[in-house]
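Notes follow once the structure below has been shown.
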Amino acid sequence: MFEIQSRHAHSRARAGILHTRRGTIRTPFFMPVATQGVLKTLSLPELYGYEQSIDSSTTPIVLSNTYHLYLRPGEKQLQSFGGLHQFAQWPGIILTDSGGFQIFSLKKLNTLTDDGVQFQSHIDGSRHWLTPERSMEIQSAIDSDIWMSFDYFPGYPATEQEVEKSVSLTTAWAKRSLLWHASYWAQHQRPPSLLFGIVQGGAFPHLRKKSAEELTTLDFGGFAIGGLAVGEPEETMYQAIEEVVPLLPERRPRYLMGVGTPDQILQAVRRGVDMFDCVMPTRNARHGTLYTRTEERIVSADLSSLRYEKIQMRAHAWAGSDAPLDAYCACFTCSSGFSRGYLRHLYSIGDPTAARLGTIHNIFFYLSMMREMRDVLSLV
RNA sequence: GGGUCGAUACCAAAGCGGUCAAAUGGGACUGGCUGUAGACCAGUUGGCUUUGCCUUCGAAGGUUCGAAUCCUUCUCGGCCCA
């Protein structure tokens, strides 16, 4: 399922190939976040084309979300369309988050029990139960290719007691997720989806260890590190990664959930992480922050640093500027010849086109950066 | 020419004797966004030697302990009558 192709001489970084039922992906990779089956301003077929144009040797992938798709359009519609791939016209790979993160991000709207969570919809206030089994069931309706087990993350900061509870609940729920997944695919002839477990434990080393040890006794297709980049110091996050990675099986992909900035991704790759997702490139694009290269290559040849700038497109500094957004970028936005002055104008008047052009560019930046990392790792 | 209403910070617009450097919008400027509820949120928007001081509410006078708020004249604008 996962093959390691090469290892970096000066870090734990590795290049590999993850086999899924819908194609293979080269690692390390980044998944754009299409929570509700769209990349907010960009349709999935558009994204597919962009992903392919950046690296044709790997299958495009996006992340989507169980909770959000359950509320709208709902399992029935997803099933009648034959899953999210057909519904959203996405021929690539889909990884679905389990909805566990929404226990945290929508915590004012739910009640936790050992069995699962009762959510109050953020849309109309209606009440819904989400359990490990329901999460699996919904992911089966979405028909995604990589499923995440239903986990519980208490937020940060959290007391040792709260984190302990999140670890034990996450392990219990991981077992239930795994059981459901196994029995579901035993009854179906199609190639099965992968199921990943999620390590919790917050900033407590012994709890991270406990969580990793408990989960790795289970037969997951990959392992995620959850509950990081939520307000803790960056150094704490790196320490947690360094503690957890050696406890995870070498022959399974490692996924750092929700991370992060370009630098954080590089640092995590160096610490042995293979997969990432983050709303940063897309949300920042909508809000006017764009990433640009300062040299032709973003990633340094020794995988030690990145060369880029983060710019505020709304800033007065760009008013009237005829400079290109990013002279080294091949994305639609950059190759169309728009000046920074014009792009600033679009952000300034609040036209949705600004969000679109910015999203295309930032996604290109992130995916190009990952491609460069893979290229560097493949050369060693 | 007569009458009448109005003139407040970048714009619009509250305030109608002290608690006003002046509500609220908009605009502008700065930031922030990390398994996406939120194409959003936050801060600043007269000056300074900033727990306070100075200048400001069309202009000039005046009343008052105290005026953006009351009075007089003027300037400009809207409306009505000639």
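The values are calculated or read from the model by the stated rules, or taken from the named source; none is laboratory data. Keep in mind it's a predicted model, so treat the numbers as computed, not measured. In this analysis, Cβ positions are derived from the backbone assuming ideal geometry, glycine residues included, and neighbour counts consider all displayed protein chains. Ligands, DNA and RNA are excluded from the accessible area calculation, which covers all protein heavy atoms including side chains. Shrake-Rupley method; radii C 1.70, N 1.55, O 1.52, S 1.80 Å.
Points to keep in mind about this one:
- Considering residues of the stretch A:275-286 that are within 13 Å of the chain's Cα centre (by Cα) and near RNA strand B (Cβ under 6 Å from one of its atoms) only, the residue surrounded by the fewest Cβ atoms within 10 Å (Cβ to Cβ): A:Val279
- Lone qualifier among A:Glu137, A:Glu133, A:Glu162 - being within 15 Å of RNA strand B (Cβ to nearest atom), assigned to a helix (DSSP H, G or I) and not hydroxyl-bearing (Ser, Thr, Tyr): A:Glu162
- Residues in the stretch A:13-60 that are basic (Lys, Arg) and more than 15 Å from RNA strand B (Cβ to nearest atom) were compared, and the one that is nearest to A:Gly358 (Cα to Cα) is A:Arg26.
- Count - residues of the stretch A:71-92 that are at negative phi and either open to solvent by 30 Å² or more (accessible area, probe 1.4 Å) or near RNA strand B (Cβ under 8 Å from one of its atoms) (or both): 12
- Residues of the stretch A:196-224 that turn out to be touching a residue at least 40 places away in the same chain (Cβ under 8 Å), in contact with a Phe, Trp or Tyr (Cβ under 7 Å, 6 or more places away or on another chain) and either surrounded by fewer than 16 Cβ atoms within 10 Å (Cβ to Cβ) or not in a loop (DSSP other than H, G, I, E, B) (or both), as a count: 6
- Looking only at the stretch A:287-328, and only at residues there that are open to solvent by less than 30 Å² (accessible area, probe 1.4 Å) and outside any loop (DSSP other than H, G, I, E, B), the one that is farthest from RNA strand B (Cβ to nearest atom): A:Val299
- For the stretch A:45-61, a residue qualifies if it is touching a Cys at 6+ places or on another chain (Cβ under 8 Å) and open to solvent by 60 Å² or more (accessible area, probe 1.4 Å), but none of them does.
- Every condition in (1) of a type outside the set (S, T, N, Q); (2) within 12 Å of RNA strand B (Cβ to nearest atom); (3) not in a strand (DSSP E or B) is met by A:His10 except one, and the failing one is (2).
- In the stretch A:62-70 there is no residue that is touching a helix residue (DSSP H, G or I) at 6+ places or on another chain (Cβ under 6 Å) and surrounded by fewer than 14 Cβ atoms within 10 Å (Cβ to Cβ).
- In the stretch A:93-105, the count of residues that are away from RNA strand B (no atom under 11 Å from the Cβ) and loosely packed, with under 15 Cβ neighbours inside 10 Å is zero.
- First in the stretch A:106-134 and open to solvent by 60 Å² or more (accessible area, probe 1.4 Å) and β-branched (Val, Ile, Thr), second anywhere and within 15 Å of RNA strand B (Cβ to nearest atom) and not in a strand (DSSP E or B), Cβ under 8 Å, 6 or more apart: A:Ile123/A:Leu71; A:Ile123/A:Arg72
- Among the residues of the stretch A:235-266, the one identified as in contact with a Ser or Thr (Cβ under 9 Å, 6 or more places away or on another chain), within 14 Å of RNA strand B (Cβ to nearest atom) and open to solvent by 50 Å² or more (accessible area, probe 1.4 Å) is A:Asp263.
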